[in-house]
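A quick write-up on the structure given underneath.
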Amino acid sequence: MRFKRVKTPEEPETLGLELEETVPDAKTVVFGARPCGIRGFAMFDRVYATDRVTDPYYKARRDNTRFVTVACTAPMNTCFCHWVGSGPADDDGTDVLLVPVEGGYAARAVSDEGEAMLALVETTEKKGVKAEADAVAKAAREKLGDAPDISDVPGKIMEAFDDLDFWTEMTAACVSCGACTYLCPTCYCFNITDESRGLSGRRIRTWDNCMSHNYTQEASGHNPRPTKAHRMRNRVGHKFGYYPDLHDGTILCCGCGRCVSRCPNSVDIRRIVMRVKER
């Protein structure tokens, strides 16, 4: 919302407050994203756009945004989307999926909105293009190799919850920079801040970072997660334990590997998950 403090002629010694709700209404197309990144929105929907709870600001943006994704053909060595039930050509959360084929892209509408988008552009029919696109997607998936069975990890997370020595070992290289969180397509925690300039200002929502010491610090000064081991336990536990428990086994991770490739000290969430499994 926006807010403004105003004086009235009747009571010049007091300040009144004018509030204006700001629901986002801009229409946006996100073009060229990878399936793993957009899959995060399907996970957000289970939190922010449900029959029980609906966040009107999230839903307004979601309803006004369309996603055109490009399937991967050469996964990186940090990719592990196949661990979490996804793949290089996953269409979960997208509206139009593009698969690179000879001479261009095979375009497939995933949603009704995607169908309407494709109707607005000139396309060319090509014989056998579906089979070619399926072969490209299959080849990309095969490059990932076999995925480990992590179906027991949610339970193992809870078994390891009180083993702080284990989490301290897993977090030894972490510098609490928060890169893993800010690059993650499935992290959805936020903070709310009022920004003022003179008598006017706005209330905004910003992405928050669970690896930050301030994330759980209370006004009293007490912090229930005082060490990075506590915070990593929460981060990994949320993605591979608590969220699956609440959402029919869906893991809150798209396997994009951004947290692995961009961590300055090479903390690898895959290693932590496997150590939990093997513990």
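With respect to Ala89, determine if the residue is touching a residue at least 40 places away in the same chain (Cβ under 8 Å), under 27 Å from Arg46 (Cα atoms), not assigned by TED's automatic domain parsing to the domain that holds Val236 and not charged (D, E, K, R).
For Ala89, the condition - touching a residue at least 40 places away in the same chain (Cβ under 8 Å), under 27 Å from Arg46 (Cα atoms), not assigned by TED's automatic domain parsing to the domain that holds Val236 and not charged (D, E, K, R) - is met.
Report yes if some residue within the stretch 208-218 is touching a Gly at 6+ places or on another chain (Cβ under 7 Å) and either among the hydrophobic types (A, V, I, L, M, F, W, C) or within 30 Å of Lys7 (Cβ to Cβ) (or both); otherwise report no.
Checking the stretch 208-218: at least one residue is touching a Gly at 6+ places or on another chain (Cβ under 7 Å) and either among the hydrophobic types (A, V, I, L, M, F, W, C) or within 30 Å of Lys7 (Cβ to Cβ) (or both).
Going by the conditions given, is Arg52 among the charged types (D, E, K, R) and without any contact (Cβ under 8 Å) to a residue 60 or more places away in the chain?
It is true that Arg52 is among the charged types (D, E, K, R) and without any contact (Cβ under 8 Å) to a residue 60 or more places away in the chain.
Those residues that are in contact with a Ser or Thr (Cβ under 7 Å, 6 or more places away or on another chain) and not polar (S, T, N, Q), I need them from the stretch 4-34; list them, please.
Lys4, Gly16, Val30, Ala33, Arg34
Of the residues Ala147, Ala160, Ala119, Ala139, which is closer than 29 Å to Ala71 by Cα, touching a helix residue (DSSP H, G or I) at 6+ places or on another chain (Cβ under 6 Å) and among the small types (Gly, Ala, Ser)?
Answer to the check: Ala147.
Within the bounds of the stretch 220-229, is there any residue that is outside the structural domain of Val47 (by TED's automatic domain parsing), touching a residue at least 60 places away in the same chain (Cβ under 8 Å) and crowded, with 17+ Cβ neighbours inside 10 Å?
yes
Looking at (1) buried (at least 16 other Cβ atoms within 10 Å of the Cβ); (2) closer than 30 Å to Lys7 by Cα, which is the one condition that is false for Gly241?
Of (1) buried (at least 16 other Cβ atoms within 10 Å of the Cβ); (2) closer than 30 Å to Lys7 by Cα, only one is false for Gly241: (2).
Which one is nearest to the chain's Cα centre (by Cα), of the residues in the stretch 140-165 that are part of a helix (DSSP H, G or I) and under 19 Å from Gly257 (Cβ atoms)?
Val153
The values are calculated or read from the model by the stated rules, or taken from the named source; none is laboratory data. All values derive from a computational prediction rather than experimental measurement. Note: ideal-geometry Cβ built from the backbone for every residue, glycine included; neighbour counts use all protein chains shown.
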